[in-house]
Structure formats: C-alpha cells, structure tokens
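Comments concern the structure below.
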Amino acid sequence: MPTPIQYHYGKFPPNNIDWEKLVPLLGPAASALARYDGLLTAIPNAAVLLSPLTTKEAVLSSRIEGTQATMGEVLEYEAEPGDKSVSPEKAADINEILNYRTAMREAEQQLEDLPLCGRVIKAAHQTLLSGVRGHGKSPGDYRKGANWIGPPGCTIEEAKYVPISFDKLPDAMSNWEKFVHSKQPDKLVQLGIIHAEFEALHPFLDGNGRLGRMCIPLFMFYQKMIQSPMFYVSEFFEKNRDEYYERLLAISRSNDWTGWSIFFLKAIVEQAESNQTKAEAILKLYDEMKTRVAELTHSQYAIHAVDFIFHRSVFSTPDFVADPRIPDSTARNIIRTLRDNSILKDIRPSSGRRPAIVAFTDLINITEGSQVL
C-alpha cells in the first residue's frame, strides 16, 4: 500500500522557486489580468451584468468537490425555491452552490473594513456550510482533529494526502496570514503560493477546496489588482483537474513550488482571457438589448426590464411582474413581447398554480460558452 503524502513541514514559505522559469509567464499573466480589470472598470454595474459568471464560478468550484448541479439547474431552482420536483440530493448540491455565492458576497463586504484574514475566512466558511452537507463539521472553526484526503471511507493509512496535524494548525495559519500580508517579488506568484498553502493546510473539516479558490479573487480585490472580486478561475482548474491536484500534491511530495507556480500563472493567463471574452460578449449583448427592447416595447421601463433579465437570467413570470420598478400591466406586456420575439424562452410552461419559468437564453449561452438553451 502506498504511503500517504504528508504535509511539507518547515518548507513554507518556499525559498526554492526557480524564478527564471517563471519570467516568461509573469508579464503575460499581469497584462492579461490588467486588461480584464480595465474591462471591469468600464462595465456599468458589473455586479449585475456579470452575475451569471459569478454563478458559473460557484457551480464549477463546487463541481470540483463533487457536486453535480448545472448552472441552468441552479438558476431554475432560484426561480422557484423549494421546488418539490427537485430531488433532495440535487437540492443539496444546489444549496451548496448558492452558499458559495453568498459567502463570496459577504467576504467582499467584509474586506471593505477588514484585511484578508482568518476572521474573514472563518465567516465565509460558516456561510459555506450553513444548512447543507457538512453543517455539523464545525462551520467557522479551524479543525481540532485530523483530516485526510483519499477515496471515500478510507482510513488515514489509506489516504492519498495527510494535511498538517491539528496541534500545529494555529501557528501554520498565523504564518499563512503573515505571508498574505508580506511583500513578495510578484503578487500573482504570491497568490498562487497562498492558494496552494491553504489547500495543503486544509484548516477546516470540510469546504477547504472551495474556500481556497475563493481566496484567489478575494486577494486580487484586497490588493487592488482588480476592481471587484470577480475573477473566475475554477473553469481552468476543473478542466485540468488531474493536473491541478497533482501540482498541489507535488509541493508536499517533492517541494515543487516552481511547477505549481507555472501551472497557476498559466491558469491566470487563460482565465483572464476567457473572462474578458465572456465579459465583452455580455456587455455587447447588454448594449444590443437596451436598444432592441426599447424598440420592441416602446416603453420608458425598457431599461429596467433589461437590467432585470441580466441580473436574473432564469425567473418566474410573477417575479418579473412583481418588480417594483415596472407597473404590473406594463410588466406583463413587456414579458409577453420578449417571449413573442424569442428574447425569452419558456423552459417550463405554466401549469395550474405553478407559473411559467422563462430564460434569457442568449446570456446563459455566453456564460456557458456553448449553446445549452
């Protein structure tokens, strides 16, 4: 039986990074991130327009940990919370994803008054596990016992990786925080190390992977590398899941911080470009919809309707009618017009007392990167 890989005691922060190997990636990574941030700055109300990308990140980060819900399923569930036709297993997956999104929002708010620190991380963890699987695993508290990573139900002897022992965890997290606030040669390399060390420490009994990935946009935001914590990197990690885990394990197994840093910088480059492409497409669609919806509806409330469907790309018709910015009768006329002109598509027709669920398919397809609806 293979021996589990043990945490890399005494080797953090790393002092063996081969900077010559990183140099070709440092400029492209910083430039790609700066271009994306420039677009974020130009987007009016980015939190609304890019909310589908925020949901997509929550879906993919949670999928890495084993959830099975799709973005469409999450949005449809939000349109009708507590839908009895959704299985308990699927609802559990969806609620984990919704918690992820909520935890990110709350952490962003906390960073207005606090540094990126244990207090922020613990609060995010508490929200992440609230009312879902893992809610009994000390939400908001660092673990006070051993944990390990391996096949479901395995013993510690059968594990693939064993994180730092719990008695050394408080000092290790203190060192992690000091590194977060230290001055390093390159902030993106520093961020890669921050993420990898958090995953290696595995400070909580559950939710470590998702929290570690949350730290990426939160650090960028805290360091003013981006205007808001809306950098979505889980797509790259999910697509390269095997290498992602192998690069993390190689740190503890063979002290290979350089290999991990190269992988992380490549992730930044690819995801910054992907994020920018999607954000540009969303902004273009928004500008087109402002004109088209106004022309179709001849309504002074057209812009409110456009903002609604960008913020909630799947929704029930009564929720649209209930929007206080648009009179009821006008809202009904607008939604009828948008459906008649195929801007909105019924994904579940009304039945009895159950209202219709409609989707703004163009926005969803941009976010998913393919024609899914």
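The values are calculated or read from the model by the stated rules, or taken from the named source; none is laboratory data. Worth saying up front: this structure is predicted, and the values here are computed from it rather than measured. For neighbour counting, all protein chains shown are included, and Cβ atoms are generated from backbone atoms with ideal geometry for every residue, glycine included.
Side notes on the structure shown:
Yes/no per residue for (1) closer than 17 Å to HIS8 by Cα; (2) touching a residue at least 60 places away in the same chain (Cβ under 8 Å); (3) not assigned by TED's automatic domain parsing to the domain that holds PRO170:
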site: LEU191; (1), (2), (3): no, yes, no
site: GLU199; (1), (2), (3): yes, no, no
site: HIS202; (1), (2), (3): yes, no, no
site: ASN208; (1), (2), (3): no, no, no
site: TYR222; (1), (2), (3): no, yes, no
site: LYS239; (1), (2), (3): no, no, no
site: SER299; (1), (2), (3): no, no, yes
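- Taking the range 127-138 as the range and being without any contact (Cβ under 8 Å) to a residue 40 or more places away in the chain and not in a helix (DSSP H, G or I) as the test, the residues that pass are SER130, GLY131, HIS135, GLY136.
- Top-ranked residue of the range 2-20 - restricted to ones that are outside any loop (DSSP other than H, G, I, E, B) and under 30 Å from the mean Cα position of the chain (by Cα), ranked as surrounded by the fewest Cβ atoms within 10 Å (Cβ to Cβ): TRP19
- Residue tally, condition in a loop (DSSP other than H, G, I, E, B) and not basic (Lys, Arg), over the range 163-202: 9
- For the range 150-168, a residue qualifies if it is surrounded by 19 or more Cβ atoms within 10 Å (Cβ to Cβ) and aliphatic (A, V, I, L, M), and the qualifying residues are ALA159, VAL162, ILE164.
- Only a single item in (1) surrounded by fewer than 23 Cβ atoms within 10 Å (Cβ to Cβ); (2) under 16 Å from ARG213 (Cβ atoms); (3) at pLDDT below 95 is not met by THR277, and it is number (2).
- Condition met for ASP113 (modelled with pLDDT of 90 or more and within 17 Å of the chain's Cα centre (by Cα)): no
Residue-wise test of (1) within 25 Å of THR367 (Cα to Cα); (2) buried (at least 24 other Cβ atoms within 10 Å of the Cβ); (3) of a type outside the set (Gly, Ala, Ser); (4) touching a helix residue (DSSP H, G or I) at 6+ places or on another chain (Cβ under 7 Å).
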{"position": "GLN184", "(1), (2), (3), (4)": "no, no, yes, yes"}
{"position": "GLY209", "(1), (2), (3), (4)": "yes, no, no, yes"}
{"position": "MET214", "(1), (2), (3), (4)": "yes, yes, yes, yes"}
{"position": "MET230", "(1), (2), (3), (4)": "yes, yes, yes, yes"}
{"position": "PHE236", "(1), (2), (3), (4)": "yes, no, yes, yes"}
{"position": "ASN255", "(1), (2), (3), (4)": "no, no, yes, no"}
{"position": "GLY259", "(1), (2), (3), (4)": "no, no, no, yes"}
{"position": "LEU265", "(1), (2), (3), (4)": "yes, no, yes, yes"}
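Table: residues versus (1) closer than 20 Å to THR277 by Cβ; (2) over 19 Å from the mean Cα position of the chain (by Cα); (3) not in a helix (DSSP H, G or I).
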{"position": "LEU22", "(1), (2), (3)": "no, yes, no"}
{"position": "ALA47", "(1), (2), (3)": "yes, no, no"}
{"position": "SER62", "(1), (2), (3)": "no, no, no"}
{"position": "LEU75", "(1), (2), (3)": "no, no, no"}
{"position": "ASP83", "(1), (2), (3)": "no, yes, yes"}
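- Consider the range 158-190 and keep the residues that are of a type in the set (A, V, I, L, M, F, W, C) and more than 24 Å from the chain's Cα centre (by Cα). The one that is farthest from PHE221 (Cα to Cα) is ALA159.
- Filter result (polar (S, T, N, Q) and within 23 Å of ALA47 (Cα to Cα)) within the range 57-87: SER61, SER62, THR70
- On inspection, ALA294 does not qualify as touching a helix residue (DSSP H, G or I) at 6+ places or on another chain (Cβ under 6 Å), more than 28 Å from GLY145 (Cα to Cα), surrounded by fewer than 17 Cβ atoms within 10 Å (Cβ to Cβ) and at pLDDT below 95.
- Residue in the range 115-126 that is loosely packed, with under 14 Cβ neighbours inside 10 Å and either in a loop (DSSP other than H, G, I, E, B) or at positive phi (or both) present: yes
- Subset of the range 303-362 (residues that are hydroxyl-bearing (Ser, Thr, Tyr), surrounded by fewer than 13 Cβ atoms within 10 Å (Cβ to Cβ) and under 15 Å from ASP83 (Cβ atoms)): SER351
- Residue count for the range 105-120, restricted to those that are in contact with a Pro (Cβ under 8 Å, 6 or more places away or on another chain) and under 19 Å from PHE204 (Cβ atoms): 1.
- Boolean, THR54 is in contact with a Lys or Arg (Cβ under 9 Å, 6 or more places away or on another chain), among the β-branched types (Val, Ile, Thr) and surrounded by 15 or more Cβ atoms within 10 Å (Cβ to Cβ): yes
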